[in-house]
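For reference, the structure discussed in these notes is given below.
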Amino acid sequence: MQIEQQRQQLLAGKNDLLQRLNTIGQLELGSFFAQGTLDSYVDLGIGDNLYEKMSTAEIIIKDGVVTEVRG
């Protein structure tokens, strides 16, 4: 039973990767692909809008190197 459970987890991971690969294969050169989320600290001050600070941050990565931080 444990082996079957692990097999199902691996199969689900494989299917997820194949779906991502298919999505990436359809992208045009220079377009963006949202890979995931990252939890981190945010600098806040009096009067800051928490929702704007938390929802607009983007980190642009090209070939594994951070090229831009937006937000």
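The values are calculated or read from the model by the stated rules, or taken from the named source; none is laboratory data. Worth saying up front: this structure is predicted, and the values here are computed from it rather than measured. With ideal geometry, Cβ positions are generated from the backbone for all residues, glycine too; neighbour counts draw on all protein chains shown.
Out of T37, T23, which single residue is among the polar types (S, T, N, Q), under 15 Å from the mean Cα position of the chain (by Cα), assigned to a loop (DSSP other than H, G, I, E, B) and at negative phi? Step through it out loud before you land on a result.
On the way: T23 fails: assigned to a loop (DSSP other than H, G, I, E, B).
Checking each option against the conditions leaves just T37.
Which number in (1) part of a helix (DSSP H, G or I); (2) touching a helix residue (DSSP H, G or I) at 6+ places or on another chain (Cβ under 6 Å); (3) not aromatic (F, W, Y) marks the one condition that G13 misses?
For G13, the failing item is (2).
Looking only at region 10-32, count how many residues are surrounded by 10 or more Cβ atoms within 10 Å (Cβ to Cβ) and under 17 Å from R70 (Cβ atoms).
0
Could you grab the pairs with beta carbons closer than 9 Å, sequence gap of 6+ or different chains, first residue in region 23-36 and closer than 14 Å to K62 by Cβ, second one assigned to a helix (DSSP H, G or I) and of a type outside the set (F, W, Y)?
F33/R20; F33/T23; F33/I24; Q35/R20
Tell me which of these S31 doesn't satisfy, since it passes every other one: (1) part of a strand (DSSP E or B); (2) modelled with pLDDT under 85; (3) more than 14 Å from the chain's Cα centre (by Cα).
(1)
If G64 satisfies every condition in (1) at positive phi; (2) surrounded by 10 or more Cβ atoms within 10 Å (Cβ to Cβ); (3) of a type outside the set (D, E) but one, which is the exception?
Condition not satisfied by G64: (2).
Can you tell me which residue in region 36-54 is farthest from Q19 (Cα to Cα), limited to those that are surrounded by fewer than 10 Cβ atoms within 10 Å (Cβ to Cβ) and of a type in the set (S, T, N, Q)?
The selected residue is S40.
Within region 47-71, work out how many residues are among the small types (G, A, S), part of a loop (DSSP other than H, G, I, E, B) and without any contact (Cβ under 8 Å) to a residue 12 or more places away in the chain. Give the steps one after another, and end with the answer.
Let us first name the residues in region 47-71 that are among the small types (G, A, S), namely 47, 55, 57, 64, 71.
From the residues that got through so far, the ones that are part of a loop (DSSP other than H, G, I, E, B) too are 47, 57, 64, 71.
Checking the rest, the ones that are also without any contact (Cβ under 8 Å) to a residue 12 or more places away in the chain come to 47, 64.
Count: 2.
Please specify each residue of region 45-71 satisfying the condition of being within 15 Å of Q35 (Cα to Cα) and of a type in the set (G, A, S).
A57, G64, listed by residue number.
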